[in-house]
Amino acid sequence: MEAIEDLELKPCTSSIYLRPYRLCYRQNGTKKTWDFMKIHDSVSILIFNTSRQCFVLVKQFRPAVYMCEVEKHHPQLFQNRDNESFSRLEDPLPAAVGVTYELCSGIVDKPDLSLEEIACEEVLEECGYDVAVTDLRKITSYRSGVGVTGSSQTLFYAEVTDQMRTGEGGGQAEEGELIEVVEIPLEDSMKFAYNETLQKTMGVIFSFTWFQDNIAPKLPKK
């Protein structure tokens, strides 16, 4: 996962995942413009293994996170951002600075499937657990990246057992995914959530807190 090499920053002239736009409008009599990105909506799943009382997360290298760290050390990389080509990145940072802990997630790009069906597919592909739509509980939906994308993410909760694991997970290699499945013991979860040395999404922190409020009180006492 951390064998990152031959880094080169280039302009993004086309993409199947994001499209940049500029909205021109008038608000309360004042003319304004706002640049934004159109991206897919997504689903995320908080997975709790009841057999071993642990959360199941995924860990992966995120180029956007990595480049934010690189910019702190090599700000000149982005100074010529309007040029047609950028130079290769010399003396790159360790790949670990771009590795994050996340909930199992996926984009909504299959119009013939429901959000629940897409969530079940992601749980199997990324984490190896075979869950049914009826195993899912919707927690909530919310907007993410409201200043740039405004996309919607729907968050589900699923309880699994060791017997429900039918594969190793890890994502789809043919799509370039390289995902590590990580287990966080329940007793360590809140300490993990607020450990700033371990990069993670807000979804992890929010869902762990939701679990403590809504599920933990109903668990059998040791």
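For a label point 7 Å from the Cα of Ala95 along Cα→C-beta, name the residues of region 3-41 whose backbone N is under 16 Å from it.
The answer is 3-8, whose backbone nitrogens lie closer than 16 Å to the label point.
Strictly greater than 18 Å: what percent of every Cα pair in region 51-171 meets that?
65
Identify, among Cys104, Ala132, Tyr142, the residue whose Cα sits farthest towards the positive end of the charge dipole of region 88-147, taking +1 on the Cβ of Lys and Arg and -1 on the Cβ of Asp and Glu, with the dipole about the Cα centre.
Tyr142
Which values of log₁₀ I(q)/I(0), to two decimal places, follow from the Debye formula for the chain at q = 0.12, 0.13 Å⁻¹ with a uniform point scatterer at every Cα?
Here the Debye-derived log intensity ratios amount to -0.77, -0.89.
Go ahead and set up a Gaussian network model of the chain, Cα springs under 10 Å, then flag whichever of Ile16, Ile39, Ile205 fluctuates most.
Largest GNM mean-square fluctuation: Ile16.
Counting each pair of different Cα atoms once, what's the Kirkwood radius of region 1-63 in Å, rounded to one decimal?
The Cα-based Kirkwood calculation yields 17.0 Å.
Multiply the residue gap between Arg26 and Thr50 by 0.36 nm, knock off their C-alpha separation, and tell me the result in nm, one decimal place.
Result: 3.3 nm gained on full extension.
Can you compute the charge dipole magnitude of region 106-192 about its Cα centre, using +1 on each Lys and Arg Cβ and -1 on each Asp and Glu Cβ, nothing else charged? Give it in debye, rounded to the nearest 20.
In debye, rounded to 20, region 106-192 gives about 580.
Would you mind calculating the gained length between Thr13 and Ser114 on full extension (0.36 nm times residue separation, minus the Cα-Cα distance), in nm to one decimal?
Roughly 33.2 nm would be gained on extension.
Under 17 Å from the 7 Å Cα→Cβ point of His40, by amide nitrogen: which residues of region 61-78?
63
I want to verify a result. In a Gaussian network model of the chain, Cα cutoff 10 Å, which of these has the top mean-square fluctuation: Ser152, Ser51, Ser42?
The residue that fluctuates most here is Ser51.
Counting Lys and Arg as +1 and Asp and Glu as -1, each charge on the Cβ, what is the dipole of region 1-107 about the Cα centre in debye, to the nearest 20?
In total the dipole reaches around 760 debye.
Within 10 Å, count the other beta carbons around each residue, average over each peptide in 134-146, 101-113, 17-29, and list them highest first.
101-113, 134-146, 17-29
Per residue, how large is the accessible surface of region 84-151? Use a 1.4 angstrom probe and give square angstrom.
Value returned for region 84-151: 53 Å² of accessible area per residue.
Sorted by mean Cβ packing within 10 Å, highest first, what order do the peptides 4-13, 185-194 take?
Final packing ranking: 185-194, 4-13.
On alpha-carbon atoms, Rg over Rh for region 138-193 using Kirkwood Rh?
Answer for region 138-193: 1.04.
With 30 Å as the limit, write out which pairs from Lys138/Lys221; Lys138/Lys191; Lys110/Lys218 have Cα-Cα distances beyond it, or answer none.
Exceeds cut-off: Lys110/Lys218.
Tally up the carbon and sulfur contribution to the accessible surface of region 77-219 as a whole percent, 1.4 Å probe, everything protein left in place.
49
Treat each spin label as a single point 7 Å out from the Cα along the C-beta direction, and report the Val133 to Lys191 distance in nm.
In this crude spin-label approximation the distance works out to 4.1 nm.
To the nearest 20 Debye, how big is the dipole of the chain about its Cα centre, given +1 on the beta carbon of each Lys and Arg and -1 on that of each Asp and Glu?
1360
Given a 10 angstrom Cα cut-off, can you work out which residue in Lys200, Lys59, Lys38 is the most mobile in a GNM of the chain?
Of Lys200, Lys59, Lys38, the Gaussian network model singles out Lys38 as fluctuating most.
Compute the signed sum of charges (Lys and Arg +1, Asp and Glu -1) over the other residues within less than 13 Å, Cβ to Cβ, of Met190.
-1
Check cross-link reach from Lys72 to the lysines: straight Cα distance under 26 Å, and skip same-chain residues fewer than eight apart.
Correct list for Lys72: Lys10, Lys59, Lys200.
Would you compute, from DSSP H runs of 4+ residues alone, the mean residue ellipticity of the chain at 222 nm, taking -39500 (n - 2.57) per run and dividing by the full residue count, rounded to the nearest 500?
Result for the chain: -5000 deg cm²/dmol, rounded to the nearest 500.
Give me the compactness ratio for region 151-222, meaning the Cα radius of gyration over 2.2 N^0.38 Å.
Relative to the rule-of-thumb radius for its length, region 151-222 sits at 1.31.
The values are calculated or read from the model by the stated rules, or taken from the named source; none is laboratory data. Values in this document were obtained by computation on a predicted structure and should not be read as measured data. Methodologically, a virtual Cβ is constructed for each residue, glycine included, from the backbone with ideal geometry; neighbour enumeration extends over all protein chains shown. Heavy atoms of the whole protein, side chains included, go into the accessibility calculation; ligands, DNA and RNA do not. Shrake-Rupley method; radii C 1.70, N 1.55, O 1.52, S 1.80 Å.
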